[in-house]
2 protein chains.
Amino acid sequence: MKPFNPALLALALATTLPASHAQQQPSPTVPGYAYGQRTLAKAPYTMADLKALQASLLFTEEDVKALRQSKAILADQTDAVLDVWYGFVASTPELVYFFSNAKTGKPDGAYLEAVRKRFALWILDTADANYDQRWLDWQYEIGLRHNRVKKNKTDDAPSVAQINFRYIPALTIPVTTTLKPFLAKKGASAADVEKMHAAWVKSVLMQSILWSQPYIKDGEF
Amino acid sequence: MKPFNPALLALALATTLPASHAQQQPSPTVPGYAYGQRTLAKAPYTMADLKALQASLLFTEEDVKALRQSKAILADQTDAVLDVWYGFVASTPELVYFFSNAKTGKPDGAYLEAVRKRFALWILDTADANYDQRWLDWQYEIGLRHNRVKKNKTDDAPSVAQINFRYIPALTIPVTTTLKPFLAKKGASAADVEKMHAAWVKSVLMQSILWSQPYIKDGEF
């Protein structure tokens, strides 16, 4: 339970991760990014399931609005956000393990970089998600890519076989906690920053629950 | 995605739930409450697993302190907190279903009441948890009681066979969102209320992850 230390994170980042791109603009042509592609399998959960999950999460139209408000704020900050998130992963051995080369045990730079490009698009997709069937199918695909069913396949990565379930919902906290300062950097009121942060927590938790489906025993999701 | 409506909740509560006890004091003799009992199975996750999960959740000694601060604040409010939580469940058909009689489909008052007594103790246990092996074993038992392995057995309830996985992490949001006003009712500073709320979010999410273990495919937790 050591405290979160940004200096240590930066050091760990510098020593284990590839150099970040300077203000790279996300692009839908990023390899492996497949949101909306008809080749994706249909999600095993329905739009009705999603609505029930949203109700249980207190996720409302207010949250949708707050997330949309965050898009313009985050649009030119995704690279800086990813520096912090990757720094956190790099400084947490239990997490960087999932990006390691299964043979050498060392972080795989090419794999980290390939995921990072899609991660930038995910930030903006989370901000203006429309929660339709295509969105559901993409959540399912993302879940499969965390699970042993599809881990490593998108990038032909030589990494470990799966990301263990327990870290997926857990990452809701570092992702949204470290995002909050970026939400405050463009002049939004403190109240709006709180609303955007709360909406992000709900959305990331909701997505992590959908991503967990491939890990769940039959009939228990 | 309808907004959270307290008036509607109160109405739903009044029509579907048994009358609440006036300021009932939680007691360790509550039926089915087994924290610390040697009869509990050993959890399938270790203390090292817990420490890694805490690191991934940014859960630190600051959070432990903030949770402990919340105990005195919540001690005489657990019944009022439970009125709100049960009101939310009662007003959300997808959730009250899990307390329904499997034959009639109607909420089972005796089952709701039996769970409620343990829920009051859980609030205080969350506030001063010590995260040792006994605590881990109790989390495992709570998870089994949500899963089809042990659902209904503690109270010999005639209810549905399981609580579906997806609602367990999701409930982190309503539980902690509705708790926040109670954290502010005893004069703590706004900054302290924020810290306590953030610590509660981390703790409830962490517990819900541990409770999910019985739902996860072998080797994927």
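The values are calculated or read from the model by the stated rules, or taken from the named source; none is laboratory data. This one's a predicted model, so the numbers in the text were calculated from it and none came from an experiment. Here the Cβ positions follow ideal geometry from the backbone for every residue, glycine too, while neighbour counts run over all protein chains shown.
General remarks:
- Filter result for B:Leu183 (within 11 Å of chain A (Cβ to nearest Cβ) and of a type in the set (A, V, I, L, M, F, W, C)): no
- B:Ala127 among the small types (Gly, Ala, Ser), at pLDDT 95 or above and either in contact with a Gly (Cβ under 8 Å, 6 or more places away or on another chain) or within 25 Å of A:Ile168 (Cβ to Cβ) (or both): no
- Against the test of being more than 22 Å from B:Met206 (Cβ to Cβ) and surrounded by 21 or more Cβ atoms within 10 Å (Cβ to Cβ), the options B:Tyr111, B:Tyr86, B:Tyr97 yield a single qualifying residue, B:Tyr86.
- Filtering segment B:128-152 to residues that are in a loop (DSSP other than H, G, I, E, B) and within 25 Å of B:Lys103 (Cα to Cα) leaves B:Asn147, B:Arg148, B:Val149, B:Lys150, B:Lys151, B:Asn152.
- Of all residues making up segment B:153-177, the number that are part of a helix (DSSP H, G or I) and either within 23 Å of B:Lys65 (Cβ to Cβ) or without any contact (Cβ under 8 Å) to a residue 12 or more places away in the chain (or both): 6
- When A:Thr60 is tested against (1) within 14 Å of chain B (Cβ to nearest Cβ); (2) touching a residue at least 24 places away in the same chain (Cβ under 8 Å), only condition (2) is not met.
- Any pair with Cβ under 7 angstrom, 6 or more apart, that starts in segment A:73-92 at a residue that is within 12 Å of A:Phe182 (Cα to Cα) and in contact (Cβ under 8 Å) with a residue 60 or more places away in the chain and ends at one that is crowded, with 19+ Cβ neighbours inside 10 Å and charged (D, E, K, R): A:Leu82/A:Arg116
- Selection within segment B:44-83: residues that are in a helix (DSSP H, G or I) and among the polar types (S, T, N, Q). The member of this set that is surrounded by the most Cβ atoms within 10 Å (Cβ to Cβ) is B:Ser70.
- If you check B:Ser91, B:Ser100 for being among the small types (Gly, Ala, Ser) and either within 12 Å of another protein chain (Cβ to nearest Cβ) or at positive phi (or both), only one passes: B:Ser91.
- Filter pass, A:Ile216 being among the β-branched types (Val, Ile, Thr) and free of Cβ contacts under 8 Å to residues at least 12 places away in the same chain: yes
- If the condition is being surrounded by fewer than 20 Cβ atoms within 10 Å (Cβ to Cβ), within 12 Å of another protein chain (Cβ to nearest Cβ) and of a type in the set (S, T, N, Q), then segment A:126-163 contributes only A:Gln162.
- Candidates in segment A:178-207 are the residues that are assigned to a loop (DSSP other than H, G, I, E, B) and among the basic types (Lys, Arg); of these, the one that is nearest to A:Pro107 (Cα to Cα) is A:Lys185.
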